[in-house]
Amino acid sequence: MLPKGQRHHSVRAQYVATRGVEPQLPPIIPTLDFEDDAEESTVRSFQAAPEAANLRLDQYLSQALPDISRARVQLLIEAGQVRVDGAVPKAKAKLKGGETVEISGQPSPEPLHATPEDIPLNLLYEDKYLAVVDKPAGMMVHAGAGSSEDDRNRGTLVNALLFHFQKLSEVGGSLRPGIVHRLDKQTSGAIVVAKDDVTHRKLGDMFSAREVHKTYLALAHGHLAKEDTTVTLPIARDLVRRIRMTTRRAAATGAARSAVSHIHILERLNTPYGPFTLVEVKIETGRTHQIRVHLQSLGHPVVGDFLYGAPHIVRSLTDAAKSLELPRNFLHAARLAFPHPRTGEQLEMEAPLPAELVDFLAALRG
């Protein structure tokens with residue numbers, strides 16, 4: 001309703017003028033492939049996209065580099081690690097599009113050192129060069145940025161490793177000592193860590209050359225159609241929900257990265273709670289959320305994976321009073337096989353399915 005005294009005015013003219021006219025949406029900023037493991041001396045240069053015109057520098061960078069939060073981008077700028085056309089700008093500086101942007105070092109401020117914590121570890125293998133650990137679900141591999149007193153820097157795999165091994169490789173930096181690869185927080189299973197820099201670099205080369213073979217077990221909703229399926233859909237950051245990844249952004253844009261998952265059916269389950277499929281997944285690449293995204297792209301999300309469309313509660317089809325809930329993803333890194341980076345010995349470690357997943361399968365079967 002119009003304000004009192006103006007109610008004799010009509011808005012019909014404005015309505016007619018805008019009827020059928022779509023509201024102008026903000027331009028989609030092309031994202032950049034910008035890994036967060038650069039050396040301190042690395043300087044990366046790129047041209048600001050034309051779509052950056054009239055955007056603040058921090059706003060543009062936080063959209064173009066989706067793995068970095070706007071707060072961290074602002075800290076980078078304040079630290080003088082960002083230059084635009086050779087000059088050190090302010091975070092609020094407006095861009096015209098086409099400027100040369102340079103970022104020095106890592107795209108996030110160096111956090112304080114992780115601290116040791118007496119947290120139990122389940123070792124699958126250990127020698128003087130490396131160890132393979134069975135990580136439980138709910139444990140982060142390493143902490144996020146923040147002070148050593150922050151809760152995010154407590155209870156991680158790195159905290160436990162530092163307590164048990166004292167000396168780890170330093171290639172990954174002070175926040176990620178020993179960490180060669182990662183598992184999602186709610187994914188359990190085998191993960192290899194390096195005790196010295198030489199072993200770390202050799203393992204890193206082996207991962208790049210796909211000489212490390214990783215096999216996962218997952219329980220998916222519904223029945224997959226084929227006994228064996230290879231998914232090759234590229235994966236990129238979801239522009240709408242940036243904590244998610246997606247297969248819906250074309251690789252031609254440069255934003256998506258190649259990803260290959262080989263899915264083999266172990267068992268099709270017909271249960272009182274509906275159909276499910278237990279699968280074995282071997283991955284050639286290690287993209288963020290890869291298995292979860294690829295199974296979701298087939299219409300069969302991982303059980304317990306609420307981020308990618310799985311229901312929070314699995315309800316019985318025959319008894320409305322019965323339901324099951326899994327407070328983690330049903331995704332487990334079951335096997336890890338690779339030649340020892342220092343001795344050449346062929347290693348193969350197997351992490352047994354955790355009790356909570358065994359119990360969930362038993363409950364599903366009724």
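The values are calculated or read from the model by the stated rules, or taken from the named source; none is laboratory data. What you are looking at is a predicted structure, and each value in this text was computed from that prediction instead of being measured. Methodologically, a virtual Cβ is constructed for each residue, glycine included, from the backbone with ideal geometry; neighbour enumeration extends over all protein chains shown.
State whether the residues of the stretch 178-191 include one that is among the aliphatic types (A, V, I, L, M), modelled with pLDDT of 90 or more and more than 18 Å from the chain's Cα centre (by Cα).
Within the stretch 178-191, the subset among the aliphatic types (A, V, I, L, M) is 179-180, 183, 190-191.
Those left that are additionally modelled with pLDDT of 90 or more: 179-180, 183, 190-191.
Now restrict to residues that are more than 18 Å from the chain's Cα centre (by Cα): none.
There is no residue in the stretch 178-191 that is among the aliphatic types (A, V, I, L, M), modelled with pLDDT of 90 or more and more than 18 Å from the chain's Cα centre (by Cα).
Based on what the data block shows, is R201 out of contact with any His (no Cβ under 8 Å at 6 or more places or on another chain) and outside the structural domain of V279 (by TED's automatic domain parsing)? Even if it seems obvious, please write down each step before you answer.
Numbers: out of contact with any His (no Cβ under 8 Å at 6 or more places or on another chain): yes; outside the structural domain of V279 (by TED's automatic domain parsing): yes.
Judged against the criteria, R201 is a match.
Identify the residue in the stretch 40-71 that is over 21 Å from G172 (Cα atoms) and among the acidic types (D, E) and, among all such residues, is surrounded by the fewest Cβ atoms within 10 Å (Cβ to Cβ).
Within the stretch 40-71, the match that is surrounded by the fewest Cβ atoms within 10 Å (Cβ to Cβ) is E51.
For the stretch 53-76, give me each residue that is in contact (Cβ under 8 Å) with a residue 12 or more places away in the chain and assigned to a loop (DSSP other than H, G, I, E, B). Talk me through it step by step, then tell me what you get.
Of all residues in the stretch 53-76, those in contact (Cβ under 8 Å) with a residue 12 or more places away in the chain come to 53-58, 60-61, 63-68, 70, 72-76.
Of everything in the stretch 53-76, those that are in contact (Cβ under 8 Å) with a residue 12 or more places away in the chain and assigned to a loop (DSSP other than H, G, I, E, B) turn out to be A53, N54, L55, L65, P66, D67, I68.
With A321, A310, A334, A362 as the choices, which residue is outside any helix (DSSP H, G or I) and exposed (fewer than 14 other Cβ atoms within 10 Å of the Cβ)?
A321
Is there a residue in the stretch 238-251 that is under 19 Å from D184 (Cβ atoms) and aliphatic (A, V, I, L, M)?
Keep residues of the stretch 238-251 that are under 19 Å from D184 (Cβ atoms), which gives 238, 241-247.
When the remaining residues are screened for being aliphatic (A, V, I, L, M), the result is 243, 245.
Yes, the stretch 238-251 contains at least one residue that is under 19 Å from D184 (Cβ atoms) and aliphatic (A, V, I, L, M).
Could you please tell me which pairs satisfy a Cβ distance under 6 Å, a separation of 6+ or placement on different chains, a first residue in the stretch 256-275 that is more than 27 Å from H213 (Cα to Cα), and a second residue that is among the polar types (S, T, N, Q) and surrounded by fewer than 17 Cβ atoms within 10 Å (Cβ to Cβ)?
Filtered contacts from the stretch 256-275: P272/S316; P272/T318; Y273/S316.
Would you tally the residues in the stretch 176-226 being of a type in the set (A, V, I, L, M), free of Cβ contacts under 8 Å to residues at least 60 places away in the same chain and closer than 29 Å to T277 by Cβ?
1
Restricting to the stretch 270-297, name every residue that is surrounded by fewer than 17 Cβ atoms within 10 Å (Cβ to Cβ), touching a strand residue (DSSP E or B) at 6+ places or on another chain (Cβ under 7 Å) and assigned to a loop (DSSP other than H, G, I, E, B).
Of everything in the stretch 270-297, just one residue is surrounded by fewer than 17 Cβ atoms within 10 Å (Cβ to Cβ), touching a strand residue (DSSP E or B) at 6+ places or on another chain (Cβ under 7 Å) and assigned to a loop (DSSP other than H, G, I, E, B), namely T288.
Mind telling me which of the residues A194, A218 ends up being in the same structural domain as I313 (by TED's automatic domain parsing) and in contact with a helix residue (DSSP H, G or I) (Cβ under 7 Å, 6 or more places away or on another chain)? Write out each step before concluding.
On the way: A194 fails: in the same structural domain as I313 (by TED's automatic domain parsing).
Of A194, A218, the one residue that is in the same structural domain as I313 (by TED's automatic domain parsing) and in contact with a helix residue (DSSP H, G or I) (Cβ under 7 Å, 6 or more places away or on another chain) is A218.
A321 passes all but one of (1) out of contact with any helix residue (DSSP H, G or I) (no Cβ under 6 Å at 6 or more places or on another chain); (2) touching a residue at least 12 places away in the same chain (Cβ under 8 Å); (3) of a type outside the set (K, R); which number fails?
Failing condition for A321: (2).
If you check T343, T285, which single one turns out to be under 30 Å from D196 (Cα atoms), in contact with a Ser or Thr (Cβ under 7 Å, 6 or more places away or on another chain) and outside the structural domain of K202 (by TED's automatic domain parsing)?
Numbers: T343 fails: in contact with a Ser or Thr (Cβ under 7 Å, 6 or more places away or on another chain).
Every option except T285 fails the conditions.
Run Q74 past the list (1) surrounded by fewer than 17 Cβ atoms within 10 Å (Cβ to Cβ); (2) more than 16 Å from E99 (Cβ to Cβ); (3) modelled with pLDDT of 70 or more and report the number of the one that doesn't hold.
All conditions pass for Q74, except number (1).
Got a number for residues in the stretch 177-233 being assigned to a strand (DSSP E or B) and crowded, with 19+ Cβ neighbours inside 10 Å? Reasoning before the result, please.
Step one: filter the stretch 177-233 for residues assigned to a strand (DSSP E or B), giving 179, 188-194, 213-221, 228-231.
Within this subset, residues satisfying the condition of being crowded, with 19+ Cβ neighbours inside 10 Å are 179, 188-194, 214-221, 231.
Residues meeting the conditions: 17.
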